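The values are calculated or read from the model by the stated rules, or taken from the named source; none is laboratory data. The structure presented is a predicted model; accordingly, all values stated were derived computationally and were not measured. We place every Cβ from the backbone using ideal geometry, glycine too, and count neighbours over all the protein chains shown. Heads up: the accessible areas ignore ligands, DNA and RNA and are worked out on the full protein's heavy atoms, side chains in. Shrake-Rupley method; radii C 1.70, N 1.55, O 1.52, S 1.80 Å.
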Amino acid sequence: MSSNKQVRRALLSVTDKSGLVEFARKLTKYGVELVSTGGTAKALRDAGLAVRDISELTGFPEMLDGRVKTLHPKVHGGILHIRENAQHVAAVEEHGIEPIDMVVVNLYAFEKTAAREGAKFAEVIENIDIGGPSMVRSAAKNFEDVAIVTSTADYPALAEELAANAGTLSRETRWRLAKKAFAVTAAYDTAIANTLEKIASPEPAEAPVQFADPATAAFPEALRINYPLAMSLRYGENPHQKAALYADGSGTGIAGGKQLQGKELSYNNLVDLDACWDLAQEFDEPGVAIIKHTNPCGAATGATILEAYQKALAADPVSAFGGVIGINREVDEAAAEEIAKLFVEAIAAPSFSEAARLRFAAKKNLRLVEVKSAQTERVVKQVSGGMLLQDADHGHVIAAELKTVTERKPTEDELAALLFAWRVCKHVKSNAIVYARNGQTISVGAGQMSRVDAAKFGALKAILPLEGCVAASDAFFPFPDGLETVVAAGATAVIQPGGSVRDDEVIAAANRLGVAMVFTGMRHFRH
């Protein structure tokens, strides 16, 4: 087979018409006949290009409100026949089928329509493209003879190749386009299946489509994931591991963040940025989280971002060196001035003021990432031979939901500190103990195999005084020894889930020690 194939006839039918006219005009320079449908044909004619209607090619009118226009043997026969197969050539000649050498198609904007607020059920269904994917698959299957173009981004390079090769395209180019085309139809079908699965029952045609509440929706029958490659990374957790980032295309969250300056983001940077961003979003007040190896070494709230940062840093300035910072407000000049004194790998925030950016510009390696907030509904984790899927941990408790189980009730200040510590504890690897006071972590014991060790470790590494702090435990104290450890360290009030068979022993120990203890009834394991 000849590697390069001449393009003599192109079928164009696109939803996204950006760059279309310019590309079509370049095709005509090489004597390519343009065949088109509906709105695409009109756009080309309005630009002064000669276009042949699809109905003229097929001898059959477009019908059923455009549902049937390219689903015809003269279209698919023209695309699918193998040019060097004598029987195929004889068959198409017998039936008057003309070869189609290039198909330029992008699909109905199904996801965009489905995501539009108030979209009617009938609109969503009508935006399921049938003819487009059929042509894409036909052309991709017959890539030896046909070029399938599914992305406007490919127009310039294809025009250049046609110009350099007397109106022909190489086999390598056609193969690259075919692989991309099958990925397009796979993603399209995945989007349709995932969207329709969220609709419990078919709505009346003119009614707004109703999607199931993500918080109560059933898990899908099949886990269909199709995220485009966002960037290749230098390496994974370690230099001998390859890595890449794939994004859902929403432009939200860490994967959709906009890097404003600094070195290329690494795998570990992204993991830590996600951890610090999630923790910073826990707070209604200005909040800052400093993360090292996915665990918070400091977290705090304050009247300003500067105050919150200073409090977060004070908890563990040694561990904060080389850390990653998450901030839930715009970073202003005052905060930037202070943060710039510390060596930091990356900062995630909703925005950075111009003055802050100027201050950080001197630290050329510092990565600044602007992030649009988005709440993750479910979390996926790979295990050997499969995937685990769970609801994201958005569990919160408020003061009214806490159960005081000790003779002494927490004071107002202790209660506020307990609720703060509980929010931070959710983001610490289990076993987790958080010591806190006045919207500030004092110390954190993370990732220990024993809860007593987590309590001891947190107390051991404390720089700020522990006397009069509160303590949070992500899961229940199985024995009184864990409680006794945090009280010995200086805690006067404790928050924990409760639920141990020895709760009575732990409560008795708290009463004996004169501390307040509240149960949340909710656990926050983080593995």
Worksheet item: Could you give me the ³J(HN,Hα) list for segment 325-330, computed from phi with Karplus coefficients 6.51, -1.76, 1.60 and θ = phi - 60°, whole Hz, x at Gly and Pro?
Response: 10, x, 9, 9, 9, 4
Fill in: Dipole of the chain [Lys/Arg +1, Asp/Glu -1 at C-beta], most positive-end residue of Ala41, Ile79, Val424
Ile79
Worksheet item: Once you put a point 7 Å from the Cα of Ala362 and another 7 Å from the Cα of Asn438, both along the Cβ direction, what distance in nm separates them?
Response: 3.1
Fill in: Column: log10 I(q)/I(0), Debye, Cα scatterers of segment 1-108, q = 0.19 Å⁻¹
-1.01
Item to complete: Taking only protein heavy atoms into account and a 1.4 Å probe, give the accessible area per residue of the chain in Å².
Response: 48
Worksheet item: Roughly how many Å² of Glu333 are accessible to a 1.4 Å probe, to the nearest 10?
Response: 100
Practice prompt. Per DSSP H run of at least 4 residues, take -39500 (n - 2.57); add these up for the chain, divide by its residues and hand me the 222 nm value, nearest 500 deg cm²/dmol.
Written response: -10500 deg cm²/dmol
Discussion item. Of all beta bridges DSSP finds with both residues in the chain, what is the antiparallel percent, to the nearest 5?
Written reply: 55
Discussion item. What are the extents of the Cα atoms of segment 128-235 along their three principal axes, in Å, largest first?
Written reply: 57, 43, 21
Worksheet item: Of (1) 27.3; (2) 24.1; (3) 24.7, which one was derived for Kirkwood radius over Cα pairs in Å from the structure shown?
Response: (1)
Discussion item. Below 8 Å between Cα atoms, with a sequence gap of 6+, how large is the relative contact order for segment 353-443 in percent?
Written reply: 15
Worksheet entry | Gain on full stretching of the segment that runs from Met449 to His95 - 0.36 nm per residue minus C-alpha separation | 119.9 nm
Worksheet entry | Folded to 0 to 90 degrees: helix 155-164 orientation relative to the chain principal axis, Cα | 40
Worksheet item: Any idea what the alpha-carbon Rg over 2.2 N^0.38 Å comes to for segment 196-310?
Response: 1.44
Worksheet item: If packing is taken as the mean number of other Cβ atoms within 10 Å per residue, what is the order of 227-235, 165-173, 470-478, highest first?
Response: 470-478, 165-173, 227-235
Worksheet entry | Cα-centred dipole magnitude for the chain, charges only on beta-carbon of K, R (+1) and D, E (-1), debye, nearest 20 | 1340
Worksheet item: Given the Cα-Cα distance of Glu62 and Arg512 and 0.36 nm per residue of separation, how much length would full extension add, in nm?
Response: 153.5 nm
Worksheet item: How many angstrom separate the Cα center of segment 396-460 from the Cα center of segment 358-382?
Response: 27
Worksheet item: Using mean Cβ contacts within 10 Å as the protection proxy, how do 406-417, 515-526 order, highest first?
Response: 515-526, 406-417
Worksheet entry | Cα centroid separation - segment 274-325 against segment 461-518, whole Å | 24
Worksheet, complete the sentence: Between Lys372 and Lys179, the FRET efficiency computed from the C-beta separation at R0 = 35 Å comes out, to the nearest 0.05, as 0.65
Fill in: Fully extended contour minus Cα-Cα distance, from Val21 to His293, at 0.36 nm per residue
92.8 nm
Discussion item. Averaging the inverse of every distinct alpha carbon separation and then flipping it gives the Kirkwood radius. What is it for segment 305-396, in angstrom units?
Written reply: 15.1
Practice prompt. Show the residues, 5+ positions off or on another chain, whose built amide H is closer than 5 Å to the amide H of Gln261.
Written response: Leu368
Practice prompt. Would you mind putting 101-107, 142-148, 392-398 in packing order, based on average other-beta-carbon counts within 10 Å, highest first?
Written response: 101-107, 142-148, 392-398
Worksheet item: Percent of accessible area on the chain owned by carbon and sulfur, 1.4 Å probe?
Response: 53
Discussion item. To make sure I understand the rule: partners must be lysines, Cα under 28 Å from the Cα of Lys364, and not fewer than 8 residues away in the same chain. Which ones qualify?
Written reply: Lys242, Lys258, Lys263, Lys292, Lys311, Lys341, Lys372
Item to complete: Please list, in chain and number order, the residues 5+ apart from Ala230 or on another chain whose amide H is under 5 Å from its amide H, with Hs placed from the backbone.
Response: Leu245, Tyr246, Ala247
Worksheet item: Taking only C-alpha pairs under 8 Å that are 6+ residues apart, what is the relative contact order of the chain in percent?
Response: 9
Response to the item:
Between Val149 and residues 5 or more places away or on another chain, the pairs with built amide H atoms under 5 Å apart involve Val103, Val104, Val105
Worksheet item: Using Cα atoms only, what is the angle between the long axis of helix 267-280 and the major principal axis of the chain, expressed in degrees (0 to 90) to the nearest 10?
Response: 60
Discussion item. Nearest 10 degrees is fine. How inclined is helix 305-315 to the longest principal axis of the chain, computing both from alpha carbons?
Written reply: 60
